[in-house]
């Protein structure tokens, strides 16, 4: 066979290619050609190993800066406590008597948080530690520098707990708060289980501890709503810095907020959904890019008719989450009067807009509340329902909650105006954050959750209602505010310095606002001992009345001694001391230094007015002083002399 032969099958003929011809020409004579010939491939260059990923940035100085600043902040606290002169407080409150060490401690705590957040690789344990130090140095500053817990209401609620621990059941006919006794029963159990008789240390450290728990809830909510690794921490810090309301003392509402945040974390986290439309029909709020846009009313209708998708968690995890959420909802109902309304309202909003798959939880909460209110609180809603419904005029609530509080000396008025300004700025920042959130996710549900508590203003709960409105809306407002600040920084990274400076200014302002009433809210150990001794030495059934509504007068004896009755024009004895005392005629009268300070800085009375009242009562012969140390005094009613026995034959 020659080199010109080809092999074929049938009629198939394939012309020689240029490569075949070149190969034939190069083949030696007498060698048969192969059937096929593949083109020689040039050797491929060997590819090296894949490029190594870029090395993570080194933390450098940030590795040690945040721990050092946090340790410095904690180390300065004993110095701050030693250099604070509580007796020199005036209408400006705690801020005027704090020494340089206290302010340096606050700034070091802020710097520790900022330094770790600016680190190339923020460490969650260090951020958690820095946040705890920040809470201790700001919210916990009064607990550090004051010897015992402040706030008259905290000591009064401790007295409620003491009464329930002694009797085993809530006393009736004393206070409306006993119709919601879960908080007092809980701490009575803790007290008995711990084998203690007093909760003084718990009262003192309760605010920073409960705010820490709140901050954990805010962080969890922010992780669900904002995502990211830094923004949730900023949201938690913003919440702490804007929390001037001071409802975190030893109280049922403080525990109620913990339960509320737990339920919201479940609803906006593992139980969160969005309405989906598998048919491609443009729904609300964001239509498909290539679909024809329908009228707004039609989009709303489509959204309302479209069922929400199911959470992607396994059934066992969902069952556990539903159980925990139901437990929190049932627990909060006997805990506090208003918190269930806030939780149910927010869950209803989430269920209506399809952002929460758990409508059975809403039904459970409504039924549980109705059953408890009708059965367990039956006597309350029959006789004292006005304590919740208040007046029908919202203007009365506005007058009691805002206008009537703008009294006192210059420091008191300035602090109270700051308390009005702070919620306004919070809402402005949150509205900007809602716009940013809307542009990114086309979602207005978060701002609706913050609006729900405003319904409380319609029922006129009293002066405290506006504090509740701000408190219940603050978690969502802080998260939206953090989103606004994140958008502000993303436009220009150098703006982070501006936010750091703002944070360094916010927390000292927080101490000023929160401590504005400490001139007459501070409590001393000798006053607590005086109140306990007075209650112990007074026979049960007698009436013990404080000269003012401040001080630890209710720490014990709530169920054994009368605390006074209602006298027209005498909501406080200090309104018209001599007339009110004569009208009430208590068996024992007790007064503290805080009563003196309250009259001077808040009511415009002359210094020493309590001593003058004591002098007049003693001069009248109606009372005798049994104890006095400065402005702390106890007076007992004199026993009228028995009439002379009739003479024989007279």
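Laboratory data are not the source of any read-out in this text; all were calculated from the coordinates shown. Remember, it's a predicted structure, so these values are computed and weren't measured experimentally. Positions of Cβ are generated from backbone atoms using ideal geometry, with glycine treated the same way; all protein chains shown enter the neighbour counts.
Laid out as a table, the results:
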quantity: Segment 464-568: radius of gyration and largest Cα-Cα distance (Dmax), Å; calculated: 23.1, 71
quantity: Ranked list, fewest to most other Cβ atoms within 10 Å of each Cβ, for 496, 246; calculated: 496, 246
quantity: Packing-based exposure ordering (other Cβ within 10 Å, fewest first) of 605, 89; calculated: 605, 89
quantity: Percent RCO, i.e. relative contact order, over segment 524-637, from Cα pairs under 8 Å lying at least 6 residues apart; calculated: 25 percent
quantity: Order of 543, 527, 612 under a 10 Å beta carbon neighbour criterion, fewest first; calculated: 612, 543, 527
quantity: Radius, Kirkwood style, for segment 524-637 when every pair of distinct Cα atoms is counted (Å); calculated: 14.0 Å
